[in-house]
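Enquirer: This is the structure I want to talk about, given as structure tokens.
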Amino acid sequence: MNILVIGSGGREHAIIHALKRSPQVGKLWCAPGNAGIAQDAECVSISADNQLELLAFAKQNKIDLTMIGPEAPLVDGLADRFRQEGLRVVGPTKTAARLEGSKSFAKEFMHKYGIPTARYEVIPNLQKGTYQLQHWMGRSVVKADGLAAGKGVKVCESQAEAKDFLYELMGKEIYGAAGSTVIIEECLDGEEATILAFCDGKTLVPMPASQDHKRLLEGDRGPNTGGMGAYAPAPVVTPDILKIVEKTVFQPFLKGIKAEGFDYRGIIYFGLMLTKSGPQVLEFNVRFGDPETQVVLPLLDSDFVSILKAVADQTLSPEMVVWKDAASICVVMASAGYPGTIEKGKPIQGLDAVPKGVHVYHAGTAMASGQMVTQGGRVLGITAVDAHLSKAREKVYAGADKITWDGVMYRKDIGYRALEAVQ
């Protein structure tokens, strides 16, 4: 099969890595890809938001299956355009993608279909928001309604902090139109976890639960990032908790997308908070998470292409999806200054010294004068798999410690929560 993956980050590299294990793959392309992805697939210099060129490429090269990685093309309706042309594509339609593209839309969906979530209010403008905040004492979470690359969210410890962030979003417009509407919600206490699932619109098949480390610094301190590492399976999601999630989240979600007439053939990401009163949904993402993909897909023991075809063709069944009895961990290596301003073009050393069995997923790399260099905030995701998480952790740091560049930074404590939980 001719397969096209759309995107350019560590998530897409992990997807390509999983696809390459399938005997069904003939030719594999990635648009636009990156310097590391180019070692595993043919990269095409077409931006993920250029629908017309992507469509023309898919037709010209007789693409049998397209996997859309990032959220923005889905929210912009790329899957719709491919399906209208009779192409097999994995990704929900523009209407269904609003579940990630608008946090207020997602909240209304949850409320309508009885999916447990935090109490919230929609803030339509700065003036009304200043008034609404008077009713929110103590801790709260303020979120830009639209897409802000995972950065438009702040846990606010006081009313004053919430007011300041509201002004940043709506007054200063630091995330542009994404903050033209804002939501404020109660701050839930508990452990966060992620459950990704394959969904063909009728059947939902979950993947192993994972946990990522959003904070920049060790001990889960510092600013929020796109994710500094992850591990799976997350021991905090016990079989009993998973049963509750199936009943209170998965089943109402399927009922809701059917009732709304959403064409949902893709990946659904449930961001959960495991509270004392039960699991609550923090957010939906309408695609694979990053860096969760880098730990979940290496645990897949089934043919990835067969699963994606079944998702696109609405023939998915739980028996098709088998997982290894193992643990996986990913450490993200980032540029100095991330998640703020960073310098690019730093030569990367040690990639050829990484031990066998440790995967290096490229997120923000480029080639310059024959040398691999940094090109983004999150540069590499180093992943290892073993029967036990502690052993996988030893492997992953043995790999990360071989790689360096000027200003490299990464957390040395990824997975500590899971290891504490199993001790």
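Enquirer: Identify, please: which residue in the range 31-47 is open to solvent by less than 20 Å² (accessible area, probe 1.4 Å) and free of Cβ contacts under 8 Å to residues at least 60 places away in the same chain and is, among those, nearest to LEU4 (Cα to Cα)?
Expert: Among those residues, the one meeting the criterion is ALA31.
Enquirer: Could you list all residues from the range 76-108 that are in a helix (DSSP H, G or I), touching a Ser or Thr at 6+ places or on another chain (Cβ under 8 Å), open to solvent by less than 10 Å² (accessible area, probe 1.4 Å) and touching a residue at least 60 places away in the same chain (Cβ under 8 Å)?
Expert: ALA79, LYS107, listed by residue number.
Enquirer: Sticking with this structure for a sec: Run GLY345 past the list (1) assigned to a loop (DSSP other than H, G, I, E, B); (2) touching a residue at least 60 places away in the same chain (Cβ under 8 Å); (3) open to solvent by less than 50 Å² (accessible area, probe 1.4 Å) and report the number of the one that doesn't hold.
Expert: Of the numbered conditions (1) assigned to a loop (DSSP other than H, G, I, E, B); (2) touching a residue at least 60 places away in the same chain (Cβ under 8 Å); (3) open to solvent by less than 50 Å² (accessible area, probe 1.4 Å), the odd one out for GLY345 is (2).
Enquirer: Sticking with this one: Please go through the range 1-22 and pick out each residue that is surrounded by fewer than 18 Cβ atoms within 10 Å (Cβ to Cβ) and free of Cβ contacts under 8 Å to residues at least 40 places away in the same chain.
Expert: Once the filter is applied, which keeps residues that are surrounded by fewer than 18 Cβ atoms within 10 Å (Cβ to Cβ) and free of Cβ contacts under 8 Å to residues at least 40 places away in the same chain, the range 1-22 yields only LYS20.
Enquirer: Ok, one more. List, please: which pairs have Cβ atoms under 7 Å, are six or more places apart or on different chains, and start with a residue in the range 126-143 that is within 10 Å of ALA162 (Cα to Cα) and end with one that is open to solvent by 100 Å² or more (accessible area, probe 1.4 Å)?
Expert: ARG139/GLU157
Enquirer: Could you check MET320 against (1) of a type in the set (A, V, I, L, M); (2) within 20 Å of the chain's Cα centre (by Cα); (3) open to solvent by 30 Å² or more (accessible area, probe 1.4 Å) and say which number it fails?
Expert: (2)
Enquirer: Let me ask something else. Hey, any hits in the range 315-323 for a residue that's assigned to a loop (DSSP other than H, G, I, E, B), among the polar types (S, T, N, Q) and touching a residue at least 60 places away in the same chain (Cβ under 8 Å)?
Expert: Yes, the conditions are met somewhere in the range 315-323.
Enquirer: Being modelled with pLDDT of 95 or more, out of contact with any helix residue (DSSP H, G or I) (no Cβ under 7 Å at 6 or more places or on another chain) and either closer than 23 Å to TYR113 by Cα or open to solvent by less than 10 Å² (accessible area, probe 1.4 Å) (or both) narrows it down to one of ALA259, ALA310, so name that one.
Expert: The conditions single out ALA259.
Residues checked against (1) over 28 Å from GLY376 (Cβ atoms); (2) hydrophobic (A, V, I, L, M, F, W, C); (3) touching a Cys at 6+ places or on another chain (Cβ under 8 Å); (4) part of a strand (DSSP E or B):
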position	(1), (2), (3), (4)
ALA148	no, yes, no, no
ALA162	yes, yes, yes, no
LEU166	yes, yes, no, no
ILE174	no, yes, no, no
ILE183	yes, yes, no, yes
ASP189	yes, no, no, no
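Enquirer: A further question on this structure: Just a yes or no: is a residue in the range 119-140 hydroxyl-bearing (Ser, Thr, Tyr), open to solvent by 50 Å² or more (accessible area, probe 1.4 Å) and assigned to a strand (DSSP E or B)?
Expert: yes
Enquirer: Checking ILE115 against (1) touching a Phe, Trp or Tyr at 6+ places or on another chain (Cβ under 9 Å); (2) outside any loop (DSSP other than H, G, I, E, B); (3) β-branched (Val, Ile, Thr), which test does it fail?
Expert: All conditions are met except number (2).
Enquirer: Working only within the range 377-423, note down all residues that are under 21 Å from ASP220 (Cβ atoms), among the hydrophobic types (A, V, I, L, M, F, W, C), open to solvent by 40 Å² or more (accessible area, probe 1.4 Å) and not in a strand (DSSP E or B).
Expert: Residues satisfying the conditions are VAL408, ALA421, VAL422.
Enquirer: Taking into account only those residues within the range 215-256 that are among the aliphatic types (A, V, I, L, M) and open to solvent by less than 10 Å² (accessible area, probe 1.4 Å), which is farthest from ILE115 (Cα to Cα)?
Expert: Taking the candidates together, the pick is MET228.
Enquirer: ASP212: open to solvent by 60 Å² or more (accessible area, probe 1.4 Å) and among the acidic types (Asp, Glu), yes or no?
Expert: no
Enquirer: In the range 262-273, which residue that is aliphatic (A, V, I, L, M) and surrounded by 22 or more Cβ atoms within 10 Å (Cβ to Cβ) is farthest from LEU99 (Cα to Cα)?
Expert: Among those residues, the one meeting the criterion is LEU272.
The values are calculated or read from the model by the stated rules, or taken from the named source; none is laboratory data. The structure displayed is predicted, hence computed values, not measured ones. Counting neighbours? That spans all protein chains shown, and the Cβs are built from the backbone with ideal geometry, glycine included. These area figures cover heavy atoms from the full protein model, side chains too; ligands, DNA and RNA do not enter into them. Shrake-Rupley method; radii C 1.70, N 1.55, O 1.52, S 1.80 Å.
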